[in-house]
Amino acid sequence: MNGQIGETLHQIVIVGGGAGGLELAVRLGKRLGKKRKARITLVDASRTHLWKPLLHQVAAGTLDSHADEREYFALARSKHFDFRLGRMQGLSREKKEIYLAPTIDEEGNELLPQQAIHYDQLVIALGSQTNDFGTKGAKENCIMLDSLQAAERFHHKLINCCLRAQSQSQNAGEGRFTVTIIGGGATGVELAAELHMTTKILSSYGLVNFHPEKELKIVIVDASPRLLQMLPERLSDAVAKELRSIAIEIHTNEKVVEVSKEGVAMASGKFIPSGIVVWAAGIKAPDFLKNLDGLETNRLNQLVVQSNLQTTLDPAIFAIGDCCACPQGEGLPNVPPRAQSAHQQASCLADSLCRSLVGKSLKDFVYKDHGSLVSLGNYSTVGSLMGAIASGSVFIEGTLAKWMYWSLHKHHQVAVNGWFHTWLSTWAETIDRVRNPRIKLH
């Protein structure tokens, strides 16, 4: 396969600008786009990129999303790829085209018409969305913490709740506003800790009638026997102990059967009156993938791929990240939906696509589990590092774990922005922490 056919550049289209898709676009832009060996096009429905593991901090207000967002148009210009704004709604494998829905502005007017984009090779990196498992009332009464817009909507509701509490003085236990988080995985646990820290800081900003322990109650509900099922039991227990020490209520082995405007009902008969309910349990790929021109998908709408990341029914289409079901080998589960998986797949596929342009075979993807880290805000960080010593794992807590959690984000920034820009932005973040309030108040 040649990089150019006549005067037409080979077209590689990437749909989805999350951790995997954006890193792939940057890598291919540097290796192919800059040298005019291929035309790289990134498609996303948003104009900006935010690293998804930061959403719980945006929701709690401990991170101003505007400080960490990157403009796709600006990145495209500096990293030698094209950016097209739009949401994918269809595919023609016969014509080798993807179709983007019309883009509508804030006033309801059509900003961009329906678009068709030709590809020679297509990479789908659409990530995932929250899976409510069909629970009654979940869609109508929960905030699904899977997008920047949802995180900001949660934050506005939280701040408004605190301001209302400021206008009246109450006795302990009276009229407490309850935030119920459904899901005891990393997102739910991290959000709970960040929320507690946020409300403590808020009470020091002149809200004399607002007392976190009196006005706000934080509850985590999970159907599993314990929090953080992906971590070893010892670390899971350490996290639960830390959360209980800051008065966060935990209900495990509790299946949610209905979410209403009044609160959360569980199969055991328990009911938790709630002002805000956040659903952070389970993921699935976007629904439209299950009917995408006959491509094979699983029950979570993920595109089934081979070990080289090609979809099973079309060698011109690839998938990476949370939206793909990638095998690890016989008897092993699929590659887990984590940011580190998307990062590794982007690196592998960048090599493969460059190889394919000169007629070489694609590389097989081999997942390397580097472990898991969970941050509890200023309180603690715990995790496990896989393969750190020989073939075993190392459990870490405290300052070292906090530093490693911070470095994960920096690693992504380096992959997208390069070392120098990341160094500059890190200094800017340090200055902003001194200049600005510790939490976003609007």
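The values are calculated or read from the model by the stated rules, or taken from the named source; none is laboratory data. Remember, predicted model here, so these are calculated numbers, not experimental data. Cβ placement follows ideal geometry from the backbone for every residue including glycine, while neighbour counts extend to all protein chains displayed. Accessible surface areas use protein heavy atoms only, side chains included; no ligands, DNA or RNA. Shrake-Rupley method; radii C 1.70, N 1.55, O 1.52, S 1.80 Å.
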- Message: Which of the strands (runs of 3 or more DSSP E) found entirely inside the stretch 28-136 contain at least 2 residues meeting this: touching a strand residue (DSSP E or B) at 6+ places or on another chain (Cβ under 9 Å) and polar (S, T, N, Q)?
- Response: 87-92
- Item | Neighbours by Cβ (under 6 Å, 6+ apart or cross-chain): first from the stretch 338-351, part of a helix (DSSP H, G or I); second open to solvent by 40 Å² or more (accessible area, probe 1.4 Å) | Ala339/Pro53; Gln340/His370; Cys348/Lys363; Ala350/Arg27; Asp351/Lys363
- Task: Name every residue in the stretch 243-272 that is open to solvent by 40 Å² or more (accessible area, probe 1.4 Å) and closer than 16 Å to Lys217 by Cα, in order of residue number.
- Result: Arg244, Ser245, Ala247, Glu249, Glu262, Phe271
- Within the stretch 196-227, which residues are modelled with pLDDT under 85 and touching a strand residue (DSSP E or B) at 6+ places or on another chain (Cβ under 8 Å)? His196, Thr199, Glu215, Leu216
- Query: If a residue has to be open to solvent by 30 Å² or more (accessible area, probe 1.4 Å), of a type outside the set (Ser, Thr, Tyr), touching a residue at least 12 places away in the same chain (Cβ under 8 Å) and in a loop (DSSP other than H, G, I, E, B) to count, how many in the stretch 273-314 make the cut?
  - Reply: 9
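Taking Gln345 as the residue in question, decide whether it is open to solvent by less than 10 Å² (accessible area, probe 1.4 Å) and among the polar types (S, T, N, Q).
Numbers: open to solvent by less than 10 Å² (accessible area, probe 1.4 Å): yes; among the polar types (S, T, N, Q): yes.
Yes: the conditions hold for Gln345.
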- Item | Odd one out for Ala186, checked against (1) modelled with pLDDT of 85 or more; (2) open to solvent by less than 70 Å² (accessible area, probe 1.4 Å) | (1)
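Which residues, taken from the stretch 107-121, are of a type in the set (A, V, I, L, M, F, W, C), open to solvent by 50 Å² or more (accessible area, probe 1.4 Å) and within 14 Å of Gly90 (Cβ to Cβ)? If you could, list the steps in order and put the result at the bottom.
So the first thing to find is which residues in the stretch 107-121 are of a type in the set (A, V, I, L, M, F, W, C), and the list is 111-112, 116-117.
Now drop any that are not open to solvent by 50 Å² or more (accessible area, probe 1.4 Å), which leaves 111-112, 116.
Listed by number, the list holds a single entry, Ala116.
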- Query: Looking at this structure, is Arg77 open to solvent by 40 Å² or more (accessible area, probe 1.4 Å), over 29 Å from Pro336 (Cβ atoms) and modelled with pLDDT of 95 or more?
  - Reply: no
- Output for the stretch 315-336, where each listed residue is in contact with a strand residue (DSSP E or B) (Cβ under 7 Å, 6 or more places away or on another chain) and open to solvent by 20 Å² or more (accessible area, probe 1.4 Å): Asp322, Asn334
